[in-house]
Amino acid sequence: MVNNLIEISDLYKIYPISEEISVHALQGVSLSIKRGEFVSIMGASGSGKSTFMNILGFLDTPTTGRYVLDGIDGSTLNYDEKAEIRNRKIGFVFQGFNLLSRTSAIENVELPLLYMGGITTREMKDKARKYLGMIGLAGREHHHPSELSGGEQQRVAIARALVNEPAIIFADEPTGNLDTKNTEDIMNLFTSLNHDLGITIILVTHEPEVAEYTKRKVIFRDGHIIEDSPVKKRRKAGMKKR
């Protein structure tokens, strides 16, 4: 088994604005992430972190450079193959939850399984219930998003990200719309998923307090990585042991 889940080599992303002007969003980024890591990505607006995450999630394509996820070279994939990899190997959690408002919690969690196919309705419901229970929403399966708090909606989004048992979860500002208490609850949940289940998590945040829950911090500035270091004083809440 390859220990590095992600291998990035000399990644550039250039957006042409006009014949004379281009934006160099990423400039020669190289990075490796091992299985089971919990990494925070930080940087000011325009630093390149969002472009970087979009490339990691196969939502954007680098101008040059190499990106390998779980042994698969992204440059060899067409549009449909990238979509399949996103559904099979990646779980996404967003700041705005991105839940379907007219469907229940359990139906929202089932969605990735519908796209995957090859699974019965009963199996889909059983898996969705399993992960809703795992993240603390047993008994709330048939509530719609409007009937759930912000923290509960984000838990539904996390269950949806987990239901396909992906190789990695990408979380983009997952606490950005939450108050302090719900932020702590969600970060405790991510910590437990990483610590107890070994799930690899990459989390974008602008909040230093949120980054303190992770194990490694990568900071971007002007398209470059300016810091890549272990988090020395981690927040321990939600962890059974260190």
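The values are calculated or read from the model by the stated rules, or taken from the named source; none is laboratory data. It should be emphasised that the depicted structure is a prediction, and the values quoted were computed from it without experimental measurement. With ideal geometry, Cβ positions are generated from the backbone for all residues, glycine too; neighbour counts draw on all protein chains shown.
For the stretch 1-54, taking the residues that are at pLDDT below 95 and of a type in the set (Val, Ile, Thr), the one that is farthest from the chain's Cα centre (by Cα) is identified as ILE21.
Within the bounds of the stretch 171-189, is there any residue that is at pLDDT 90 or above, in contact with a Leu (Cβ under 7 Å, 6 or more places away or on another chain) and small (Gly, Ala, Ser)? For the stretch 171-189, residues at pLDDT 90 or above, in contact with a Leu (Cβ under 7 Å, 6 or more places away or on another chain) and small (Gly, Ala, Ser): present. Restricting attention to the stretch 192-214, the residues that are closer than 9 Å to PHE38 by Cβ and touching a Ser or Thr at 6+ places or on another chain (Cβ under 9 Å) add up to 6. Residues in the stretch 83-119 that are more than 22 Å from PRO174 (Cβ to Cβ) and outside any helix (DSSP H, G or I): ARG102, GLY117, GLY118, ILE119.
With a requirement of 1 or more residues that are surrounded by fewer than 18 Cβ atoms within 10 Å (Cβ to Cβ) and touching a Ser or Thr at 6+ places or on another chain (Cβ under 8 Å), the strands (runs of 3 or more DSSP E) lying completely within the stretch 8-82 that satisfy it span 22-34, 64-69. Does ALA128 meet the test of being in contact with a strand residue (DSSP E or B) (Cβ under 7 Å, 6 or more places away or on another chain), surrounded by 20 or more Cβ atoms within 10 Å (Cβ to Cβ) and part of a helix (DSSP H, G or I)? Taking the combined requirement at face value, the residue does not satisfy it. Restricting attention to the stretch 76-87, does a residue exist that is out of contact with any Asp or Glu (no Cβ under 8 Å at 6 or more places or on another chain) and at positive phi? The answer is no, given that none of the residues of the stretch 76-87 is out of contact with any Asp or Glu (no Cβ under 8 Å at 6 or more places or on another chain) and at positive phi. The single residue among ASN108, ASN78 that is closer than 19 Å to PRO166 by Cα and either at pLDDT below 95 or under 19 Å from the mean Cα position of the chain (by Cα) (or both) turns out to be ASN108.
Can you tell which of GLU152, GLU165, GLU173 is more than 28 Å from LYS82 (Cβ to Cβ), out of contact with any Asp or Glu (no Cβ under 7 Å at 6 or more places or on another chain) and not aromatic (Phe, Trp, Tyr)?
Going through GLU152, GLU165, GLU173 in turn, just one is more than 28 Å from LYS82 (Cβ to Cβ), out of contact with any Asp or Glu (no Cβ under 7 Å at 6 or more places or on another chain) and not aromatic (Phe, Trp, Tyr): GLU152.
For the stretch 83-100, a residue qualifies if it is closer than 15 Å to ILE6 by Cβ and over 13 Å from the mean Cα position of the chain (by Cα), and exactly one does: ILE85.
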